[in-house]
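We did not get these values from a lab; they are worked out from the coordinates using the rules stated. Keep in mind it's a predicted model, so treat the numbers as computed, not measured. So basically every Cβ, Gly included, is an ideal-geometry build from the backbone, and we count neighbours across all protein chains shown.
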């Protein structure tokens with residue numbers, strides 16, 4: 001975890017000092033435009049948990065949450081549930097929040113889903129298998 005309770009400096013520290021490949025949360029990067037640019041350029045995956053961030057008061061409301069800004073700027077964001085039993089939201093709830101409250105299209109949800117597999121630690125062949133499943137689902141059902 002970085003950039004949730006602690007500010008953007010914790011993200012830089014995780015990336016530079018610890019040489020991490022991805023950041024759990026990372027939402028407080030919004031406080032540092034240079035960091036946002038770095039995350040974009042390097043396509044560092046951010047595992048964003050909107051409901052958790054709202055319930056723990058990292059942001060007071062969805063309107064203030066940076067997920068949409070990050071996604072629209074082309075950062076490598078994924079949507080995650082962060083302990084569904086504690087926060088009362090699973091991955092379906094998180095995707096529905098994007099669809100219903102932020103008016104994300106099915107294509108946006110597809111891209112966010114693909115981002116999750118693209119930024120995973122799976123092998124390239126395993127990633128391709130999941131990409132094919134996602135593409136087939138979208139072709140067959142949407």
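Test of understanding: what is the full-extension gain from residue 41 to residue 132, defined as 0.36 nm times their sequence separation minus their Cα-Cα distance?
On the way: separation 91, 0.36 × 91 = 32.76 nm, distance 2.65 nm.
Length gained, residue 41 through residue 132: 30.1 nm.
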Original post:
Taking the chain as a Gaussian network, Cα atoms linked when under 10 Å apart, which of 112, 16, 91 shows the biggest mean-square fluctuation?
Top reply: 16
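Based on a Kirkwood Rh over C-alpha pairs, give the Stokes-Einstein translational diffusion coefficient of the range 68-142 at 37 °C and viscosity 0.692 mPa s in µm²/s.
Values: Rh = 13.3 Å.
Using the Kirkwood radius from Cα pairs, D works out to 246 µm²/s.
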Original post:
Which distance in Å, rounded to a whole number, links the C-alpha centroids of the range 1-66 and the range 80-142?
Top reply: 19
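Residue 106 to residue 85: FRET efficiency via 1/(1 + (r/R0)^6), r the Cβ-Cβ distance, R0 35 Å, to the nearest 0.05? Working shown, then result.
Numbers: r = 28 Å, r/R0 = 0.81.
So, using R0 = 35 Å, E works out to roughly 0.80.
At 0.692 mPa s and 37 °C, plugging the Kirkwood radius over alpha-carbon pairs of the chain into Stokes-Einstein gives what diffusion coefficient in µm²/s?
Value of D from the Cα-based Kirkwood radius: 211 µm²/s.
With 10 angstrom as the radius, rank 76, 86 by how many other C-beta atoms surround their C-beta, starting from the fewest. Present the calculation step by step, with values, prior to reporting the outcome.
Numbers: 76 19, 86 11.
Neighbour counts put them in this order, fewest first: 86, 76.
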**OP:** Order the peptides 3-10, 44-51 from the highest to the lowest mean number of other Cβ atoms within 10 Å of their residues.
**Re:** 44-51, 3-10
